[in-house]
Every structure is written in C-alpha cells, then in structure tokens.
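Undergrad: Pasting a structure here, questions to come.
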Amino acid sequence: MAESTPAAAERLTLAAIVDAAAEIVARDGFDGLSMRKLAGHCGVGAMTLYGYVATKDDLLAALADRFLSDVKLPRARGAWDDQVVAVFRSVRSVVLEHPVLIRIVAARRIHGTAAYRGAEIVFRALRTAGLSDEQVISAFNALTSFTVGSAQRDIGIRAAAGAALPGIEALRPDQFGHVIDLAGLLATRDPEQDFEAGLDLLITGIKGWRDA
C-alpha cells in the first residue's frame with residue numbers, strides 16, 4: 001500500500017484525483033482503475049483518497065462529469081430542434097472520445113453539473129417545442145439512450161473493422177430473405193450517417209407527437 005507523503009497530500013485536490021483517474025483509464029482501461037492504483041498514482045495512501053471521494057462510484061461519477069464537461073453546448077437561441085441536435089451530436093462525440101463513459105452511464109445515474117447543463121438546454125428546448133413535462137422526460141430518455149447506444153455500436157464496429165457479418169452465409173434464403181438482401185448494406189453503413197438519420201427520425205417523431 002502506498003504511503004501518503006506530506007507534499008503529495010498537500011497538493012491533492014478532487015480535480016487532481018479525477019485527472020489521475022482519467023490517465024489510468026486511458027492507459028489501463030476501465031477495469032484497470034482501482035482506488036489502490038489511483039492512490040499509488042497520486043502518491044498518497046488509499047485512505048487519503050476517501051477524504052475526497054467516499055466510494056469508487058463517486059469517483060466514476062466525478063470522472064464522467066469531467067468528460068462530459070467537454071460537451072459543446074449551443075447558445076440559448078435558434079430553433080428548438082437545432083439546439084437538441086447540437087447537444088446530442090456533441091455528447092456522441094465525447095462518448096466516442098472517452099469510451100469508458102459507456103461503462104459508467106450503463107451502471108449508474110450521472111448527476112454532475114456538466115450533465116445537468118446539457119439537460120437544462122434540452123429540457124428548455126423541448127418545453128419550447130410544446131411538449132408536456134412527461135413528454136419532455138420521455139423524449140430526453142429516448143434521445144440519450146439512442147445517442148449512447150449509437151456511440152457504443154460505432155466503437156464496436158471500429159473494433160471489428162473488416163470483419164464480415166458472421167453467420168450470413170449459413171442462413172436459408174427462404175427463412176431470412178430480407179436479412180440476406182440487406183446484409184451488404186447493413187455491413188457497410190457509415191455509423192455517422194446512421195446516427196444522423198436516427199436523430200432526424202427521433203426529432204421528426206417528437207414533432208409528430210407534439211402535434212398529435
């Protein structure tokens with residue numbers, strides 16, 4: 001176990017701890033992050049860290065907030081749908097840059113200030129669009145799930161670059177005719193294009209929901 005040194009303990013801040021956690025995750029991946037390893041990286045004992053983050057979940061929440069602070073937020077002007085699209089485009093870019101966010105948001109609620117800033121813009125835009133409060137929350141959840149899922153799929157596609165769709169050649173045409181017909185298009189789609197198409201589909205659905 002690392003021993004805390006007075007100099008290291010004096011320089012320690014929550015921001016420095018989160019920066020160190022980000023470095024470990026970038027180097028060793030999500031599963032490589034532990035409170036013990038983080039303490040050693042910071043040059044302090046593990047118990048010193050708990051004065052800043054009570055649990056690993058708190059650390060991960062702070063790390064997510066650090067990454068989400070990179071989301072580029074639109075100014076509070078312009079059409080409501082343009083504002084919503086701008087937020088979720090940027091969220092996807094940040095998730096692609098920091099894939100560990102997928103593991104974090106899948107297991108816990110994100111409640112940092114950075115996440116709430118984006119939510120504030122989206123909530124305001126959806127209310128401006130004329131949605132009820134219940135519709136605002138449903139639309140926000142759908143947009144968030146789609147955006148994170150799209151990024152996760154994109155990361156998976158990049159990891160399997162060049163791999164053909166497994167099992168397609170073994171499918172029987174009389175049972176999977178449509179799958180076989182569309183397999184080539186499915187395998188060669190541009191994830192960015194698909195995200196834009198899906199986002200447009202959701203925005204169109206929100207407009208129709210509002211006008212129903």
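The values are calculated or read from the model by the stated rules, or taken from the named source; none is laboratory data. Every value quoted in this text rests on a predicted model; they were computed, and no experiment measured them. Ideal geometry is used to build each Cβ from the backbone, glycine not excepted, and the neighbour counts take in all protein chains shown. These area figures cover heavy atoms from the full protein model, side chains too; ligands, DNA and RNA do not enter into them. Shrake-Rupley method; radii C 1.70, N 1.55, O 1.52, S 1.80 Å.
Undergrad: Scan the helices (runs of 4 or more DSSP H) fully inside region 20-138 and keep the ones with 3 or more residues being open to solvent by 70 Å² or more (accessible area, probe 1.4 Å) and under 26 Å from residue 198 (Cβ atoms).
TA: Once the helices (runs of 4 or more DSSP H) in region 20-138 are filtered for at least 3 residues that are open to solvent by 70 Å² or more (accessible area, probe 1.4 Å) and under 26 Å from residue 198 (Cβ atoms), what remains is 80-97, 100-107, 113-128.
Undergrad: Additional query: Confirm whether residue 181 is over 19 Å from residue 68 (Cα atoms), under 21 Å from the mean Cα position of the chain (by Cα) and of a type in the set (Asp, Glu).
TA: Here the answer is no, as residue 181 does not meet what is asked.
Yes or no, residue by residue, for (1) free of Cβ contacts under 8 Å to residues at least 12 places away in the same chain; (2) of a type outside the set (Phe, Trp, Tyr):
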site	(1), (2)
76	no, yes
80	no, no
88	no, no
101	no, yes
104	no, yes
132	yes, yes
146	no, no
156	yes, yes
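Undergrad: Only one of (1) open to solvent by 70 Å² or more (accessible area, probe 1.4 Å); (2) assigned to a helix (DSSP H, G or I); (3) out of contact with any Gly (no Cβ under 9 Å at 6 or more places or on another chain) is not met by residue 148, so which one is it?
TA: For residue 148, the failing item is (1).
Undergrad: For region 166-181, name all the residues that are open to solvent by 80 Å² or more (accessible area, probe 1.4 Å) and at pLDDT below 90.
TA: Matches in region 166-181: 166, 169, 170.
Undergrad: Moving on. Do we have residue 134 as closer than 19 Å to residue 207 by Cα, among the acidic types (Asp, Glu) and more than 10 Å from the chain's Cα centre (by Cα) here?
TA: Considered against the rule, which asks whether it is closer than 19 Å to residue 207 by Cα, among the acidic types (Asp, Glu) and more than 10 Å from the chain's Cα centre (by Cα), residue 134 comes out as yes.
Undergrad: Of all the residues that make up region 129-165, how many are of a type outside the set (Val, Ile, Thr) and modelled with pLDDT under 85?
TA: So the answer is 9.
Undergrad: Contact list please: Cβ distance under 9 Å, first residue in region 20-33 and free of Cβ contacts under 8 Å to residues at least 12 places away in the same chain, second residue open to solvent by 60 Å² or more (accessible area, probe 1.4 Å) and in a helix (DSSP H, G or I), pairs at least six apart or on different chains.
TA: So the pair list comes out as 28/37; 31/103.
Undergrad: Shifting gears a bit: Taking the criterion of being hydrophobic (A, V, I, L, M, F, W, C), surrounded by 13 or more Cβ atoms within 10 Å (Cβ to Cβ), closer than 25 Å to residue 86 by Cβ and in contact with a Lys or Arg (Cβ under 7 Å, 6 or more places away or on another chain), would at least one residue in region 195-205 satisfy it?
TA: Yes, region 195-205 contains at least one residue that is hydrophobic (A, V, I, L, M, F, W, C), surrounded by 13 or more Cβ atoms within 10 Å (Cβ to Cβ), closer than 25 Å to residue 86 by Cβ and in contact with a Lys or Arg (Cβ under 7 Å, 6 or more places away or on another chain).
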